[in-house]
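Only one structure is covered here, and it is reproduced in the block below.
The values are calculated or read from the model by the stated rules, or taken from the named source; none is laboratory data. Everything numeric here is computed off the predicted structure, so don't read it as measured data. Quick reminder, even Gly has a Cβ in these numbers, built from the backbone with ideal geometry, and neighbours come from all protein chains shown.
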Amino acid sequence: MPDNVQIGDQLGGAFDAVIVGAGFAGLYMLHRLRGLGLSARIYEAGSGVGGTWFWNRYPGARCDVESLEYSYSFSEELEQDWQWTERYASQPEILRYLNHVAERFDLKRDIQLETRVTSATFDETANCWTIVTDRGDRVSAKFCVMATGCLSTAKVPDFKGIETFRGKTYHTGHWPHEGVDFTGQRVGVIGTGSSAIQSIPNIARQASHLFVFQRTPNFSLPARNGPLSPEVAQDWRVNRVEYRDRARAAPFALLIEQSEKLAADVSPEDREREYEERWRRGGFAMLGAFADIIVNQEANDTAAEFVRSKIRGMVDDPAVAEKLLPRDYPIATKRICVDTGYFETFNRDDITLIDARATPIEEITPTGLRTSEADYQLDSIVFATGFDAMTGALCNIEIRGRAGVTLKRKWSEGPRTYLGIMVAGFPNLFTITGPGSPSVLSNMVMAIEQHVDWIAGCLGYLRERQFATVEATVDAENEWVAHVNEVAGATLFPLANSWYVGANIPGKPRVFMPYIGGFAVYRQKCDEVAARGYEGFALCSGAQAASH
Ligand code: N01
């Protein structure tokens, strides 16, 4: 594409923008680009839209953010028309919602399914990206928007002997569409993160015996899911604008009642009462009980001990309860789980909890699994082993910026971005909810909408002023990375071996990837940057950009 072509001009076979991924982020991005009059195409690896909610179909998969909040806010009509049935929506319902959105806004005609983007290369002479797919597409686009998701690259650990297993294996993040019937089977579940905690009660109801291999016990809070009452739904309809504004102004973009009090400000009895009340409400409510839970170890200990006492109360066998107690990291510094009947499931006779830290998994055998202590005969193994989070999907695509440098190489010691939206050396490439933004530490749908709106605003600005490229400066990126690290360092988060720091992927650099400064603070920073003419970004006309 010649450098005198401005955004919005059409060239044969070329797009103004290519979007990678048709989940919450990609769908809304396409809608906004259309609104700007830009041509765009989404490439999506799955055979349907939905992203996370297309792939994660394991039994019990549901959102841990309340459905009224975990939905788009950009269209009042959409919000008024769509009726959620439960407090926390299940995977099938969210997938139906996203298909409804795609149809309602006529998005599907610009989405090419079953097509995986394999490379994206920036042409410094023409100022455009060349995007190549596994289907043989080769298209050019002024802009490339990565809507690839934070938790989309499923990870099966490299267990010895895995290929010898004669039974069936599954990963929670790639569940068969037709479902799985475990009736009468001896099933092993490896992992006890959110996916395992949601699926274990359901698999246990079917399996003849369930073996849970737990390396790290997790803190989990009761969801208290149930049908969404008509009163709550009606109240949301009437007050949706106020609720959305409040969420946008909240640290996690969630309507959790956040107390300003410190845990030490109240007596132990009052503290207990506060935790109890929030435990009763369910979901993340407990984490808002005191302002210092994630920054002060003593405060955190009080919340952690409260949850441990609850676990002891739910599990009949004290030895099993003891194994389920998370002890070696502060509560909430690994992603907190929200469950329905998880701990109570361990009261069944047909479930066995194996401590895979004390007795590690040594190998998968043709008939099951061997730990350092015993052999387990299994018909099926479920890997609930998580994802190469935040950077995996981006680094799996060969993204080449200026001078042919790949993103993977640039990020070899950890991700570097400016605001989690752009990367120096990669002009016109946007990363929706990229590392360095609140993303996974907030209500993802709100975080996505905020990024998409910001990107759309930026593209409109470029067009108005006839700029050909926008690119984060190295200085702005360095400052932002330092800030992201500094803020994380002031919390307890880096203490845990979590996927937030890449600890679940052997060899991944240990860097706290999301921005923990708070959604509202972050949003304000993004707005200020835009208001100051995209401070920290280099904006170039076609000719300037070509001679960069
Ligand atoms: O993955 P995880 P997930 N040997 O990484 C274990 C979101 N989500 O799919 O902790 C033995 O949390 C690993 O052990 P350890 C949510 O943000 C949301 O469950 O590393 N075990 C851990 O127990 C969530 O946080 C919902 O010691 C091994 C488990 O596998 C994120 O997705 C639902 C192992 C992986 O847990 C990821 O959740 C589901 C090994 N070699 C997911 N390797 C909602 O509710 C790994 N493990 C919206």
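Please work out if Asp317 is surrounded by fewer than 16 Cβ atoms within 10 Å (Cβ to Cβ) and in contact with a Ser or Thr (Cβ under 8 Å, 6 or more places away or on another chain). Break it down into steps so the answer makes sense when it comes.
Numbers: surrounded by fewer than 16 Cβ atoms within 10 Å (Cβ to Cβ): yes; in contact with a Ser or Thr (Cβ under 8 Å, 6 or more places away or on another chain): no.
In short, no.
Pull up the stretch 359-370, narrow it to residues that are outside any strand (DSSP E or B) and over 30 Å from the mean Cα position of the chain (by Cα), then point me to the one that is surrounded by the most Cβ atoms within 10 Å (Cβ to Cβ).
Thr367
Ile162: hydrophobic (A, V, I, L, M, F, W, C), farther than 30 Å from Ile455 by Cβ and more than 8 Å from the ligand (Cβ to nearest atom), yes or no?
yes
Among Thr385, Thr391, which is the only one that is away from the ligand (no atom under 12 Å from the Cβ), within 21 Å of the chain's Cα centre (by Cα) and of a type in the set (Val, Ile, Thr)?
Thr391
Scan the stretch 312-357 for residues that are more than 16 Å from the ligand (Cβ to nearest atom) and in a helix (DSSP H, G or I) and report the count.
Of the residues in the stretch 312-357, 9 are more than 16 Å from the ligand (Cβ to nearest atom) and in a helix (DSSP H, G or I).
Within the stretch 118-128, take every residue that is hydrophobic (A, V, I, L, M, F, W, C) and more than 9 Å from Arg400 (Cα to Cα) and give me the one that is surrounded by the fewest Cβ atoms within 10 Å (Cβ to Cβ). Even if it seems obvious, please write down each step before you answer.
Filtering the stretch 118-128 down to residues hydrophobic (A, V, I, L, M, F, W, C) leaves 120, 122, 126, 128.
Those still in the list that are more than 9 Å from Arg400 (Cα to Cα) too: 126, 128.
Numbers: Ala126: 19, Cys128: 28.
Of everything passing the filter in the stretch 118-128, Ala126 is surrounded by the fewest Cβ atoms within 10 Å (Cβ to Cβ).
Taking the condition of a type in the set (A, V, I, L, M), farther than 22 Å from Arg312 by Cα and within 11 Å of the ligand (Cβ to nearest atom), does Ile190 pass?
Details: of a type in the set (A, V, I, L, M): yes; farther than 22 Å from Arg312 by Cα: yes; within 11 Å of the ligand (Cβ to nearest atom): yes.
So Ile190 fits the description; yes.
Take the residues in the stretch 41-61 that are surrounded by 21 or more Cβ atoms within 10 Å (Cβ to Cβ) and out of contact with any helix residue (DSSP H, G or I) (no Cβ under 6 Å at 6 or more places or on another chain), then tell me which one is farthest from Arg335 (Cα to Cα).
So, considering only residues that are surrounded by 21 or more Cβ atoms within 10 Å (Cβ to Cβ) and out of contact with any helix residue (DSSP H, G or I) (no Cβ under 6 Å at 6 or more places or on another chain), the one farthest from Arg335 (Cα to Cα) is Tyr43.
I need the full set of residues from the stretch 399-409 which are in contact with a Lys or Arg (Cβ under 8 Å, 6 or more places away or on another chain) and either within 17 Å of Asn485 (Cα to Cα) or surrounded by fewer than 19 Cβ atoms within 10 Å (Cβ to Cβ) (or both), in order please.
Of everything in the stretch 399-409, just one residue is in contact with a Lys or Arg (Cβ under 8 Å, 6 or more places away or on another chain) and either within 17 Å of Asn485 (Cα to Cα) or surrounded by fewer than 19 Cβ atoms within 10 Å (Cβ to Cβ) (or both), namely Thr406.
Keeping to the stretch 47-70, report how many residues are under 17 Å from the mean Cα position of the chain (by Cα) and under 25 Å from Asp388 (Cα atoms). Before you say what the answer is, go through the steps one by one.
Our first condition is that a residue be under 17 Å from the mean Cα position of the chain (by Cα); within the stretch 47-70, this holds for 49-58, 61-67, 69-70.
Pick out the ones that are also under 25 Å from Asp388 (Cα atoms) and you get 49-58, 61-65, 70.
Looking only at that region, the number is 16.
Would you call Thr183 away from the ligand (no atom under 11 Å from the Cβ), at pLDDT 95 or above and either under 28 Å from Val20 (Cβ atoms) or hydroxyl-bearing (Ser, Thr, Tyr) (or both)?
Yes, satisfied.
Would you confirm whether or not the stretch 136-148 contains a residue that is among the polar types (S, T, N, Q), away from the ligand (no atom under 16 Å from the Cβ) and closer than 25 Å to Leu394 by Cβ?
Checked the stretch 136-148: at least one residue is among the polar types (S, T, N, Q), away from the ligand (no atom under 16 Å from the Cβ) and closer than 25 Å to Leu394 by Cβ.
State whether one or more residues within the stretch 458-467 are away from the ligand (no atom under 16 Å from the Cβ), under 30 Å from Lys334 (Cβ atoms) and not basic (Lys, Arg).
No - not one qualifying residue is present in the stretch 458-467.
Of all the residues that make up the stretch 73-102, how many are buried (at least 20 other Cβ atoms within 10 Å of the Cβ), away from the ligand (no atom under 16 Å from the Cβ) and not in a helix (DSSP H, G or I)?
0
Six or more apart or on different chains, Cβ under 7 Å: which pairs go from a residue in the stretch 176-197 that's closer than 30 Å to Ala332 by Cβ to one that's outside any strand (DSSP E or B) and among the basic types (Lys, Arg)? Could you list them?
Listed by first residue and then by second, the contacts come to Ser194/Arg335.
Which of the numbered conditions does Val470 fail, given that it passes all the others? Conditions: (1) in contact with a Cys (Cβ under 7 Å, 6 or more places away or on another chain); (2) free of Cβ contacts under 8 Å to residues at least 60 places away in the same chain.
(2)
Would the stretch 40-47 turn up any residue that is at pLDDT below 95, over 21 Å from Trp454 (Cβ atoms), assigned to a loop (DSSP other than H, G, I, E, B) and not basic (Lys, Arg)? Walk me through it before giving the result.
As a first pass, look at the stretch 40-47 and keep what is at pLDDT below 95: none.
For the stretch 40-47, residues at pLDDT below 95, over 21 Å from Trp454 (Cβ atoms), assigned to a loop (DSSP other than H, G, I, E, B) and not basic (Lys, Arg): absent.
Listed residues Val487, Val521; which is modelled with pLDDT of 95 or more, surrounded by fewer than 19 Cβ atoms within 10 Å (Cβ to Cβ), within 25 Å of the chain's Cα centre (by Cα) and closer than 18 Å to Asp453 by Cα?
Criteria check complete, one pass: Val521.
Within the stretch 410-428, can one find any residue that is crowded, with 19+ Cβ neighbours inside 10 Å, over 24 Å from the mean Cα position of the chain (by Cα), part of a loop (DSSP other than H, G, I, E, B) and within 16 Å of the ligand (Cβ to nearest atom)?
Looking through the stretch 410-428, none of the residues is crowded, with 19+ Cβ neighbours inside 10 Å, over 24 Å from the mean Cα position of the chain (by Cα), part of a loop (DSSP other than H, G, I, E, B) and within 16 Å of the ligand (Cβ to nearest atom).
Any residue in the stretch 160-174 that is part of a strand (DSSP E or B) and surrounded by fewer than 19 Cβ atoms within 10 Å (Cβ to Cβ)?
Within the stretch 160-174, one or more residues are part of a strand (DSSP E or B) and surrounded by fewer than 19 Cβ atoms within 10 Å (Cβ to Cβ).
Here are Tyr243, Tyr275: which of them is more than 23 Å from Met444 (Cα to Cα) and not charged (D, E, K, R)?
So the residue among Tyr243, Tyr275 that is more than 23 Å from Met444 (Cα to Cα) and not charged (D, E, K, R) is Tyr275.
Being without any contact (Cβ under 8 Å) to a residue 24 or more places away in the chain and either crowded, with 18+ Cβ neighbours inside 10 Å or among the acidic types (Asp, Glu) (or both) is the filter here, so list the residues in the stretch 347-358 that pass it.
Asp349
Among the residues in the stretch 494-502, are any within 24 Å of Met446 (Cβ to Cβ), touching an Asp or Glu at 6+ places or on another chain (Cβ under 9 Å) and in a helix (DSSP H, G or I)?
Yes, the stretch 494-502 contains at least one residue that is within 24 Å of Met446 (Cβ to Cβ), touching an Asp or Glu at 6+ places or on another chain (Cβ under 9 Å) and in a helix (DSSP H, G or I).
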